[in-house]
Amino acid sequence: METRQFTVNQDAEGTFRFKGKLTIHDLEYLKEFLDSSLDRIKNIFLNMEKVVYADTASIQLLIAFRKARSSEVNWKITDMSSELEKILELSDLKKELI
C-alpha cells in the first residue's frame, strides 16, 4: 500500500493547504492534483506553511505549472514554512516560485 508523504486540503476560502514532504515519490499525484485544480479554478492560492521538505523534482513541477499557466491562472503562495523558504533560497529558486 502506497502512502503519500504530503496532504493537501482546500479550506473554506479556497486556499489549498499543503502539509508534509513534497518529493519525487508523490510527483504523479501532485501533477494530477495541479492539473485538475488549474482546469477548474482561475485563482490558485497555495498555503505551504506546513511543508517541511521539498525536493528538486517537486519544486521544478510547481515552477513549470506556474509558468505554463501564468497567462490564464492567478497563482500565489500565501504562506511558506521556514524549511521550504530555506530550500528555495539555497537553490536560488524562490523568485521562480513566488
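One table, with the values for the structure above:
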read-out: Unique match (being closer than 18 Å to residue 82 by Cβ, out of contact with any Ser or Thr (no Cβ under 7 Å at 6 or more places or on another chain) and of a type in the set (A, V, I, L, M)) among 12, 54; value: 54
read-out: Near pairs, Cβ below 9 angstrom, 6+ apart or cross-chain, from region 67-78 (under 15 Å from residue 40 (Cα atoms)) to any residue that is of a type in the set (A, V, I, L, M) and in a strand (DSSP E or B); value: 69/44; 73/44; 74/44; 75/44; 75/46
read-out: Answer from 13, 32 - the residue that is more than 21 Å from residue 78 (Cβ to Cβ) and modelled with pLDDT under 95; value: 32
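The values are calculated or read from the model by the stated rules, or taken from the named source; none is laboratory data. Just so you know, these numbers come straight off a predicted model, no measurement behind them. With ideal geometry, Cβ positions are generated from the backbone for all residues, glycine too; neighbour counts draw on all protein chains shown.
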